[in-house]
Amino acid sequence: MNAPDEPKFRWGQRVSCLTDLFNDGTFPNAEPEALLVPAGLPGEIVQLGVHVESKINVYMVEFPAGIVVGCLETELAAWEPETVTEAAP
């Protein structure tokens, strides 16, 4: 059996989602296909796991309002806060 790839992200790391995340029917208290997290929203990795059959890393990410969503590496990017620069006088 092949081992999963080394995780790209670590526990506690701030990330943002690259695409809108919709309910695939597994998120409780939300209608199927409901938008859970819009693209670009930052969150924090609160748990890392591996899908047993496919050996793919899965990240539990907590977004604002306490929404925790399982995400694949391809759905995430390291979060970098926008820097605001002031115009020169």
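Computed from the coordinates by the stated procedures, all read-outs in this text should not be read as laboratory data. Predicted model, so just to flag it, every value in this text is computed and none were measured. In this analysis, Cβ positions are derived from the backbone assuming ideal geometry, glycine residues included, and neighbour counts consider all displayed protein chains.
Okay, here's what the table says:
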read-out: FRET efficiency for residue 24 and residue 44, using Cβ-Cβ distance with R0 set to 30 Å, rounded to 0.05; value: 0.90
read-out: Options 32, 45, 68, ranked by Cα towards positive dipole end of the chain, top entry (Cβ charges); value: 45
read-out: Equivalent ellipsoid, segment 14-78 (semi-axes from 5 times Cα gyration tensor eigenvalues, Å); value: 17, 15, 11
